[in-house]
1. Name every residue in the range 48-83 that is closer than 13 Å to Phe97 by Cα and part of a loop (DSSP other than H, G, I, E, B), in order of residue number.
2. Does the range 25-42 contain at least one residue that is within 12 Å of the chain's Cα centre (by Cα) and not in a loop (DSSP other than H, G, I, E, B)?
3. Would you confirm whether or not the range 92-104 contains a residue that is of a type in the set (Lys, Arg), part of a strand (DSSP E or B) and either surrounded by fewer than 14 Cβ atoms within 10 Å (Cβ to Cβ) or out of contact with any Pro (no Cβ under 9 Å at 6 or more places or on another chain) (or both)?
4. Quick test of your reading of the structure: Arg81 fulfils all but one of (1) modelled with pLDDT of 95 or more; (2) surrounded by 11 or more Cβ atoms within 10 Å (Cβ to Cβ); (3) not β-branched (Val, Ile, Thr). Name the failing condition by number.
5. Considering His55, His10, which residue is surrounded by 17 or more Cβ atoms within 10 Å (Cβ to Cβ) and in contact with a Pro (Cβ under 8 Å, 6 or more places away or on another chain)?
6. For the range 85-92, does any single residue satisfy the condition of being within 12 Å of the chain's Cα centre (by Cα) and of a type in the set (Lys, Arg)?
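The values are calculated or read from the model by the stated rules, or taken from the named source; none is laboratory data. These numbers were taken from a predicted model, which means no experiment stands behind them. In this analysis, Cβ positions are derived from the backbone assuming ideal geometry, glycine residues included, and neighbour counts consider all displayed protein chains.
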Amino acid sequence: MLLGIGADGHTASLFPGSPALDEAERWVAPVRAPDGFEPRDRTTVTLPVPNAARHVLFLATGASKVAAVAAVLGGMRESRRLPAARVRPRGGRLVWFLDEAAAGRPRVQ
């Protein structure tokens with residue numbers, strides 16, 4: 001499964017504070033994205049789906065993702081509230097692909 005991460009730590013339209021984060025039975029759920037995200041009304045997979053995957057790949061690009069990526073990969077205490085940090089494939093692999101900006105490395109010219 002290929003996922004991205006937003007600057008707020010959301011993934012797969014699972015936003016911080018969304019009731020869909022607590023869904024344990026259904027594979028899909030309706031969600032409403034926060035202000036500034038379009039479309040607002042969405043349908044998304046719930047955490048049981050990526051957590052049942054054999055392999056999950058995260059792709060993060062851009063400097064706006066630095067804080068979220070650092071929180072998730074660094075295991076910071078506040079990362080527990082970030083949806084991307086709750087993706088833990090059981091019995092599988094979790095791989096992150098980051099560009100230099102998302103990794104927090106300045107681009108060398």
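1. Passing the criteria: Thr61, Gly62.
2. no
3. yes
4. (1)
5. Criteria check complete, one pass: His10.
6. So far as the range 85-92 goes, yes, one or more of its residues are within 12 Å of the chain's Cα centre (by Cα) and of a type in the set (Lys, Arg).
Results for (1) farther than 14 Å from Ile5 by Cβ; (2) out of contact with any Leu (no Cβ under 8 Å at 6 or more places or on another chain), shown as yes or no for each residue.
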site	(1), (2)
Ala63	no, yes
Val87	no, no
Arg90	yes, yes
Phe97	no, no
